[in-house]
Amino acid sequence: MNFEVASIWTYQLGGDYWWDIVIKGFVLAFVLITAAAYSVWAERKVAARIQLRIGPNRVGKFGLLQPLADAVKLLMKESSAPSARDRILFAVAPVVAVTAAFFAFAVIPVSSVNNINGFQYHWDIAHINVGLLFVFAVTSLGVYALFLGGWSGNSKYSLLGGLRSSAQLISYEMAVSFAVLGVIILAGSLNLETIVTAQKHLWFIFLQPLAFLLYFTGALAETNRLPFDLPEAETELVAGYHTEYTSMQFGVYFLAEYINMVTVSSIATVLFLGGWQSPTGYLSFVPGVIWFLIKVVGGVLTMMWIRWTLPRFRYDRLMNFGWKALLPLGLLNIVITGGVVGLRG
């Protein structure tokens, strides 16, 4: 595997490439945590708008300090847990969830490669030639965090939520993987920068509309968002896999969920929406990072809109939809894409 780590910071600091990783890592952590915090604020505003309410408006202008108030509240809450829990796994599970969420974003490029004095500057922490494979490998670890959190709590509700999470995430991960294979066929690469560059003239959402719908539907299920939030179904399981978590441990699970929303929207932007590229040449003067952020924010808001519009699936229908609808459609998309590319080649 060819790992390429390069940036302007490496050039300025005498070739100490680890400084680049450290600096970008802190920046990424700050941006993702802030994005997750204000995604909660935005979701409450979206929900209020749909339900003809006002939403947060008491803490700061337009309620913009509400995420800070929520964080302080979680930090000050008393932490309690079942005495018969597996103490190590109970503590590790939330950390695994948020770590996987952070690591998945490490290889996502948010702007084009810049050449400065012959030195390539990549807008990601680690430039890997199989970046898409890395993303799927890391996000697959999320299922362990949910299952271990449910099992270690020594609660039947948590255990059932963990089992549901395992079945749901594995099932819909297959659908998501099949959906992106069409993009890989068209781009001829697993390198995320190469995939974005291949959309210079036409975004893949126009060539792969079915794949985009399959990916976005599977992404909703993988992030446990309505109408696929069965692992957290409060009507049957109290709160599912995180029933026994309190205080900041619960907050970490919450943080991981919203970071995952940003991650799946970023992947959709890279694979189907042209990444940092503008929709028309007339707007190419706008920096690529801005276009990337606009598309990601659009994806996150769409996920919120769906959550507060559609009802929750019944669990057997959820599984049937994944295996009997999404999976066959994903295979069909691969066959059609492969056939068209083969005939044209």
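The numbers here are math on the coordinates, done by the rules we state, and not lab data. Quick caveat: nothing in here was measured; it's all calculated off a predicted structure. With ideal geometry, Cβ positions are generated from the backbone for all residues, glycine too; neighbour counts draw on all protein chains shown.
Derived scalar couplings between HN and Hα for the range 294-302 equal 4, 5, 5, 4, x, x, 5, 5, 5 Hz in order, rounded to whole Hz, by the Karplus curve 6.51 cos²θ - 1.76 cosθ + 1.60 (θ = phi - 60°), x for Gly and Pro.
Checking the cross-link pairs 24/295; 45/77; 77/295; 77/156; 24/61; 45/324 against a 27 Å limit on the alpha carbon distance flags 77/295; 24/61; 45/324 as lying beyond it. Taking packing as the residue-averaged number of other Cβ atoms within 10 angstrom, the listed peptides 242-255, 273-286 run from highest to lowest as 242-255, 273-286.
Over the range 143-213, the reciprocal of the mean inverse Cα-Cα separation, the Kirkwood hydrodynamic radius, stands at 14.4 Å. Simple point charges give the picture: +1 on the Cβ of Lys and Arg, -1 on the Cβ of Asp and Glu, and for the chain a dipole about the Cα centre of about 920 debye. Principal semi-axes of the equivalent ellipsoid, √(5λ) from the alpha carbon gyration tensor of the range 127-172, are 28, 10, 4 Å from largest down.
Applying Stokes-Einstein at 37 °C and 0.692 mPa s to the Kirkwood radius of the range 249-325, computed over alpha-carbon pairs, gives a translational diffusion coefficient of 223 µm² s⁻¹.
Sequence-ordered 3J(HN,Hα) estimates for the range 156-161 from the Karplus curve with 6.51, -1.76 and 1.60 and θ = phi - 60° stand at 5, 5, 5, 5, 5, x Hz, glycine and proline given as x. Only DSSP H runs of four or more residues enter the estimate; each adds -39500 (n - 2.57), and after division by the residues of the chain the mean residue ellipticity at 222 nm equals -20500 deg cm²/dmol. Only Lys, Arg, Asp and Glu carry charge here, each on its Cβ (+1 for the first two, -1 for the last two); on that basis the range 179-325 has a dipole of about 500 debye about its Cα centre. Legend: calculated FRET efficiency, residue 27 to residue 341, from the Cβ-Cβ distance at R0 = 30 Å, rounded to 0.05, equals 0.20. Here the Debye sum runs over all C-alpha atoms of the range 186-309 as equal scatterers in vacuum, and log10 of I(q)/I(0) at q = 0.14, 0.20, 0.21 Å⁻¹ comes out as -0.69, -1.11, -1.18. Compactness ratio for the chain: Cα radius of gyration over 2.2 N^0.38 Å (N = residue count) comes to 1.02.
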